[in-house]
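Contents: one structure, followed by commentary.
The values are calculated or read from the model by the stated rules, or taken from the named source; none is laboratory data. All values reported here derive from a predicted model rather than from experimental measurement. Neighbour counts run over all protein chains shown; Cβ positions are idealised from the backbone, glycine included.
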Amino acid sequence: MPSPSRVVLFALSLLLALTVAACRSVTHDDGPTWAIAIHGGAGTLDRAAPSSAQAEYRASLSKALELGRERLRRGDSALDVVEAVVRVFEDDPLFNAGKGAVFNEQGAHELDASIMEGHTLACGAVAGVRTVKNPISLARLVMEKTRHVLLMGDGAEQFATLTGVERVENSYFDTEYRRKVLEEVLRERQLKGAALGAAQAAPSDVRHGYGTVGCVVRDQKGNLAAATSTGGLTGKRWGRVGDTPVIGAGNYADAFVAVSGTGTGEQFIRHTVARSIGARVQFGGQTLQQAADAVVHGSLQPDDGGIIAVDRHGNLVATYNSTGMYRGLADSSGLFDVRIFDN
Ligand code: ASP
């Protein structure tokens, strides 16, 4: 007869072995507990750009991704993380959002942003704001403090005053580099005598026009969120608004996917890019990668741009049809990867 203490010891060892096995299988079957993707736009440097310039972008991308990783590790919500990461990009002059935004045809800045929470479908957006330092936070306030989804122009500015978000002069967003690009775009437009409403952008509009920032997240609870912010296209006219504040086009999250896009906004609106990717996963049985490839390489034209996305299992995707896309991926399995081009 084994002694009672031996029986207790045996039972405890069995319990421990079962617990370890259960933990292993949870980790294995459920994939990463959290996952994050970021992008800083599809309008990248030339491949031939000096390595110091590329290093600068990589450092900024790593900083934003590290912040997201730390916040997710400590259990913050997907919504809080996407907002915090996009604010970092908005404050960084290297990217076309917030400080460093492109100029419109009049030499001013008009900023667009949107944010969405997957499990509630709550969303908010602003378009054409001129004095809001961090448009993504105003978009979140539209989502949380109003019954509306999208506020634009003067109305959005009035709402900003009511909420007390940080304001700046429009010139705060200026950078030398973006001014040079505007001058180049306007010169080329004049040379080509671009017709009013010309369907195609001039080549340099395309070359320098991209740039937007975004973040998608699956948090530890399995909730998804997406946030996207931009200055739009260089030399834009007539109050032009792109896809970034259009829910389902440049930004979208539901219980299945979260998607953020960058590129020719008109194309993203036409093809409802972000929602189409979600619908392919939700109703079409496609994996996130299949859905993203079908839309980015099937529906869009070469050089239109790209997307980042995460699904409810924590699978991450970054797909683009441009030369490159500033991007980064991280998850709780240890992945931490920042890239500009294919390799
Ligand atoms: N999609 C943005 C827009 O069209 C621009 C970009 O991503 O570069 O406003």
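At a glance:
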quantity	calculated
Answer from V86, V149, V142, V102 - the residue that is in contact with a Leu (Cβ under 6 Å, 6 or more places away or on another chain) and β-branched (V, I, T)	V142
Every residue from region 188-227 that is at pLDDT 95 or above and either aromatic (F, W, Y) or away from the ligand (no atom under 16 Å from the Cβ) (or both)	V217, R218, D219, Q220, K221, G222, N223, L224, A225
Any helices (runs of 4 or more DSSP H) falling wholly within region 39-154 and containing at least 2 residues that are closer than 30 Å to E184 by Cα and small (G, A, S)	51-73
In region 240-297, residue nearest to the ligand (Cβ to nearest atom) [restricted to those that are crowded, with 21+ Cβ neighbours inside 10 Å and acidic (D, E)]	D243
One residue from V88, V102, V129 being in contact with a Lys or Arg (Cβ under 6 Å, 6 or more places away or on another chain) and buried (at least 20 other Cβ atoms within 10 Å of the Cβ)	V102
Subset of region 228-239 that is surrounded by 24 or more Cβ atoms within 10 Å (Cβ to Cβ) and farther than 29 Å from R312 by Cα - its residue that is nearest to the ligand (Cβ to nearest atom)	G232
Where a residue in region 270-291 is basic (K, R) and its partner, wherever it lies, is in a loop (DSSP other than H, G, I, E, B), with Cβ under 7 Å and at least six apart	R275/G248; R280/Q286
